[in-house]
Every structure is written in structure tokens, then in C-alpha cells.
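Here is the structure we will look at.
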Amino acid sequence: MRRLRTALPASVAAAAAALVLVASPAVAHGGKPTPRPPVVTDVATGLVTPLSLAVGPHGTTYVTQNFPGLLTAVGRDGTPSVLYASPDGGEVGGVSYADRRITFTETQLGEEGPVASEVSTLRTDRWGNPTGAPRVLADTFAYERAKNPDGRTAYGLLRTGRACLAQIPAGPLPARYTGIADSHPYATTTVRGTTYVADAGANAILSISERGKIRTVAVLPPQPAVVTAEFAASLGWPDCAVGQTYWFEAVPTDVEVGPRGVLYVTTLPGGPEDDSLGARGAVYTVDPWKGKVRQVASGFVGATNLAVTDQGTVYVSELLGGRISQAGRRGPSTVVEVPLPAGLEWTGKGLLATTNVLPADDTSPPDGHLVRVDLGKHRGR
């Protein structure tokens with residue numbers, strides 16, 4: 001992944017942190033109450049960058065605290081306990097749970113990006129308690145160096161004339177290039193012994209067998225955006241680039257199994273991940289057998305996770321949008337506004353989510369929340 005990395009704007013974080021959910025029922029002018037809106041209830045607080053979660057057995061929720069490198073179990077009473085700590089200070093994320101097995105990712109970050117990445121599993125008893133040490137299931141960084149799934153995919157100003165391309169200065173965003181070898185496994189899900197991985201560095205969905213064999217299921221398609229005058233100026237690009245289409249890398253942030261075994265994937269659009277070039281986050285379906293990719297929704301701002309019900313309803317956490325939304329053909333619709341949401345899972349009765357996953361500003365201490373979302377009128381749709 002060679003995309004323009006942008007820090008979370010302080011103004012966006014502050015605005016998101018100021019969002020307030022009004023949980024009392026609204027009343028129409030005629031006096032008839034409208035259906036009860038979703039209600040958000042804290043389960044645990046004080047978490048540090050809780051970017052992913054998984055629904056475990058008997059009320060247990062597994063939550064990753066990514067930047068400190070911790071895999072945490074949160075009990076029914078909200079008490080957190082550390083199940084695993086990265087011995088080398090790596091980022092721990094991408095947690096999922098199936099068949100008495102916790103699956104999670106671990107990435108070692110260097111100055112230029114990831115330098116090692118693995119997917120590991122941890123066996124549990126029927127109550128969700130670990131029964132041994134984690135086992136490395138697969139080395140996605142080694143696979144990426146050997147295969148580089150998007151190595152033949154072209155990105156950049158693909159339809160711009162040579163004269164204009166010659167004026168593009170060297171910088172963080174090349175005029176044209178193909179996918180580089182980079183692995184950052186960001187999300188996992190397991191079904192019938194096969195683990196699917198959303199690799200945000202490889203720009204691909206991978207599958208891993210029980211024996212640890214990796215294959216590429218699909219490479220996510222490049223994301224087009226029209227270059228604005230403001231964007232060109234920020235990069236020092238010439239006027240001839242304004243109005244041209246730049247094809248950014250798609251960055252998968254979650255993968256879930258939906259009805260009939262189809263995979264659902266959220267993506268960040270590469271480049272600016274806010275709405276400065278438009279709300280370009282998307283949801284795709286991926287055929288796990290044939291690798292066919294189809295966009296089913298778009299218009300998200302910072303789509304960092306999704307949840308899929310048995311009926312195929314898709315909910316998306318929008319980190320920079322400050323909301324959990326429902327995906328639809330006409331775009332997303334707000335389910336509930338929450339500050340800086342990231343992890344999201346369907347429980348069968350409602351949603352579990354992580355919020356406040358980044359500090360609101362440079363002076364605020366980390367205070368990530370695990371919350372339960374009672375969907376009210378949205379339930380089960």
C-alpha cells in the first residue's frame with residue numbers, strides 16, 4: 001500500500017467527540033410517539049485504541065487495544081483482562097472468534113510501514129477462556145513478498161497525458177505506479193475452518209486454511225477520484241492535473257461472512273480518507289470461490305468496520321463520519337451518531353461497537369469505549 005497517509009484532523013476528532021446521543025423517545029406534532037431510537041450503553045471504558053472486537057461465548061467480548069499491542073477479554077460485567085500482549089510491541093488487531101478459537105493479527109511497524117505481519121490463533125474452553133499459548137497460523141508478510149497480489153494493478157493518473165505527467169513532482173503520491181509489497185492484516189473472520197483476512201497493506205482479501213496455506217481471494221479495485229484545485233495545490237501539482245482522475249488504492253478494513261457464504265468488505269478509499277475528495281468509502285461483496293468483486297454501497301467517511309445480519313442488512317462504522325450507518329443502494333443512512341467508532345459486530349439482537357477509539361485531541365488521555373447498541377426500530381432489518 002503506497003497511499004497518501006493523512007492524520008486524523010483535530011477538528012474532526014473534536015467534533016466527533018462532541019456528538020451526543022439523545023436516547024429519549026421523540027414525539028411527533030400530533031402527539032404520537034415515534035419508534036424508539038437506538039440506545040447506546042457503555043460496557044467498558046478506559047480502553048486504548050480499541051479498533052476491533054469479536055463476540056465471544058457467555059457474554060464475553062474480545063477487544064484489541066491495537067497500539068499498546070494487547071488482546072483483551074471484556075466480561076459480562078465490563079471487567080477487562082489481558083489475554084495476550086505483543087512481546088515486541090507490535091500492533092495487535094483484527095480479532096474474530098469461531099469454534100472455540102480466537103483469531104487475531106499482529107503487525108510490527110517500522111519507519112516506512114509494516115516490516116512483519118502474522119495471523120495467530122488462541123484456543124479456548126467452552127467459556128471462552130484461553131487453554132494454551134497463541135499459535136501462528138500464517139505469515140502474511142512472507143506471502144506478500146512472494147506473491148504481491150496487486151503487483152500488476154496500476155494506480156495513479158492513468159488517463160493523463162505524458163506532458164502533464166512530466167510536471168508531477170516526486171512526493172508521497174506518485175504520478176503512476178503499481179502495487180508494492182506491503183502487508184497489514186487488519187481484520188479476520190473464520191467459517192468452516194477457513195480464515196479470511198482483510199489485508200490493508202496488500203489491498204486484498206486473503207484466505208488461510210487450517211494448515212496455514214494462504215491464497216488470494218480477490219484484489220480490491222482502484223478507487224477513482226477527481227483531482228481538485230485544493231488537492232493539487234497541497235501536493236504541488238501543476239494546473240494540468242486539476243480535473244484529472246487519480247486512481248487510489250482500495251484499503252480493506254473489515255471482512256465478514258454474510259448470507260449464502262458471500263463475503264462483505266469495507267474499504268477506505270486511499271489518499272484523503274475524509275470527505276475532501278468526496279465521501280468515497282465503500283462496501284463490496286466478494287465471491288469467496290470465484291473472487292468476483294461487486295460494489296454494493298458507497299458514500300462512507302472513514303469506513304473502518306462492518307456488521308452483517310442473517311438477513312443481509314449491513315451496518316458500517318464511520319470513524320470520520322462520527323456515526324454507525326446502514327448501507328443502502330442510495331447511500332448510507334444514519335442509525336446512531338457516536339464519537340469515533342471503529343469495531344462493529346452483530347450479536348443476533350443488536351450491535352456491539354467500540355467508540356472514542358482515538359483521543360479527541362492531543363491533550364486528552366485515551367478513553368476508548370466498548371458499547372452495546374440496542375437498535376430499536378432498526379433491529380433485525
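Which residues, taken from the range 163-217, are closer than 23 Å to GLY113 by Cβ, polar (S, T, N, Q) and surrounded by fewer than 24 Cβ atoms within 10 Å (Cβ to Cβ)?
Of everything in the range 163-217, those that are closer than 23 Å to GLY113 by Cβ, polar (S, T, N, Q) and surrounded by fewer than 24 Cβ atoms within 10 Å (Cβ to Cβ) turn out to be THR178, THR216.
Among the residues of the range 125-146, are any assigned to a strand (DSSP E or B), of a type in the set (Ser, Thr, Tyr), open to solvent by less than 80 Å² (accessible area, probe 1.4 Å) and closer than 30 Å to PRO57 by Cα?
No: the range 125-146 contains no residue that is assigned to a strand (DSSP E or B), of a type in the set (Ser, Thr, Tyr), open to solvent by less than 80 Å² (accessible area, probe 1.4 Å) and closer than 30 Å to PRO57 by Cα.
Identify, please: which residue in the range 104-119 is in a strand (DSSP E or B) and open to solvent by 60 Å² or more (accessible area, probe 1.4 Å) and is, among those, modelled with the highest pLDDT?
So the residue we want is GLU118.
List pairs: first residue in the range 90-109 and farther than 19 Å from ASN129 by Cα, second residue part of a loop (DSSP other than H, G, I, E, B) anywhere in the structure, Cβ distance under 6 angstrom, at least six positions apart or on different chains.
Every condition considered, the pairs that remain are GLY90/GLY69; GLU91/ASN66; GLU106/SER86; GLU106/GLY90; THR107/GLY90; THR107/HIS184; GLN108/GLY90.
Are any of the residues in the range 149-158 buried (at least 22 other Cβ atoms within 10 Å of the Cβ), at pLDDT 95 or above and more than 30 Å from PHE231 (Cα to Cα)?
no
Looking at the range 324-344 only, could you name the residues that are part of a strand (DSSP E or B), crowded, with 23+ Cβ neighbours inside 10 Å and not small (Gly, Ala, Ser)?
ILE324, VAL336, LEU344 - these are the residues of the range 324-344 that are part of a strand (DSSP E or B), crowded, with 23+ Cβ neighbours inside 10 Å and not small (Gly, Ala, Ser).
Just a yes or no: is a residue in the range 260-273 assigned to a strand (DSSP E or B), out of contact with any Ser or Thr (no Cβ under 9 Å at 6 or more places or on another chain) and in contact (Cβ under 8 Å) with a residue 40 or more places away in the chain?
no
Taking the stated definitions as given, is LEU51 out of contact with any helix residue (DSSP H, G or I) (no Cβ under 6 Å at 6 or more places or on another chain), modelled with pLDDT of 95 or more and hydrophobic (A, V, I, L, M, F, W, C)?
Judged against the criteria, LEU51 is a match.
Testing LEU122 on (1) surrounded by fewer than 16 Cβ atoms within 10 Å (Cβ to Cβ); (2) in contact with a strand residue (DSSP E or B) (Cβ under 8 Å, 6 or more places away or on another chain), one condition comes back false. Which one is that?
Unmet for LEU122, out of (1) surrounded by fewer than 16 Cβ atoms within 10 Å (Cβ to Cβ); (2) in contact with a strand residue (DSSP E or B) (Cβ under 8 Å, 6 or more places away or on another chain): (1).
This table checks each residue for (1) out of contact with any helix residue (DSSP H, G or I) (no Cβ under 8 Å at 6 or more places or on another chain); (2) modelled with pLDDT of 95 or more; (3) surrounded by 11 or more Cβ atoms within 10 Å (Cβ to Cβ).
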{"residue": "THR6", "(1), (2), (3)": "yes, no, yes"}
{"residue": "HIS29", "(1), (2), (3)": "yes, no, no"}
{"residue": "VAL39", "(1), (2), (3)": "no, no, yes"}
{"residue": "ALA44", "(1), (2), (3)": "yes, yes, yes"}
{"residue": "LEU47", "(1), (2), (3)": "yes, yes, yes"}
{"residue": "TYR62", "(1), (2), (3)": "yes, yes, yes"}
{"residue": "VAL74", "(1), (2), (3)": "yes, yes, yes"}
{"residue": "TYR84", "(1), (2), (3)": "yes, yes, yes"}
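When the range 296-318 is examined, which residues are found to be in contact (Cβ under 8 Å) with a residue 40 or more places away in the chain and touching a strand residue (DSSP E or B) at 6+ places or on another chain (Cβ under 8 Å)?
If the condition is that a residue be in contact (Cβ under 8 Å) with a residue 40 or more places away in the chain and touching a strand residue (DSSP E or B) at 6+ places or on another chain (Cβ under 8 Å), then ALA303, THR304, ASN305, LEU306, ALA307, VAL308, THR309, THR313, VAL314, VAL316 are the ones that fit.
Can you name the residue in the range 349-363 that is touching a residue at least 24 places away in the same chain (Cβ under 8 Å) and open to solvent by 10 Å² or more (accessible area, probe 1.4 Å) and is also farthest from VAL314 (Cα to Cα) among such residues?
The extreme case among them is ASP362.
Hey, can you tell me all the residues within the range 285-303 that are open to solvent by 10 Å² or more (accessible area, probe 1.4 Å) and of a type outside the set (Lys, Arg)?
THR285, ASP287, TRP289, GLY291, VAL293, GLN295, VAL296, SER298, GLY299, VAL301
Those residues that are in a loop (DSSP other than H, G, I, E, B) and at negative phi, I need them from the range 193-214; list them, please.
Hits for the range 193-214 are ALA200, GLY201, ALA202, SER209, GLU210, ARG211, LYS213.
Would you say PRO269 is at pLDDT below 95 and surrounded by 24 or more Cβ atoms within 10 Å (Cβ to Cβ)?
yes
Just one of ALA279, ALA225 is over 23 Å from THR178 (Cα atoms) and crowded, with 18+ Cβ neighbours inside 10 Å; which is it?
Answer to the selection: ALA279.
Kindly list the number of the only condition in (1) farther than 26 Å from THR266 by Cβ; (2) touching a residue at least 40 places away in the same chain (Cβ under 8 Å) that fails for ALA218.
Going through the list (1) farther than 26 Å from THR266 by Cβ; (2) touching a residue at least 40 places away in the same chain (Cβ under 8 Å), ALA218 breaks only (1).
The values are calculated or read from the model by the stated rules, or taken from the named source; none is laboratory data. Model, not experiment: these values are computed from the prediction. Glycine gets a Cβ as well: all are built from the backbone with ideal geometry, and neighbour counts include every protein chain shown. Keep in mind that these areas ignore ligands, DNA and RNA; they rest on the heavy atoms of the full protein, side chains included. Shrake-Rupley method; radii C 1.70, N 1.55, O 1.52, S 1.80 Å.
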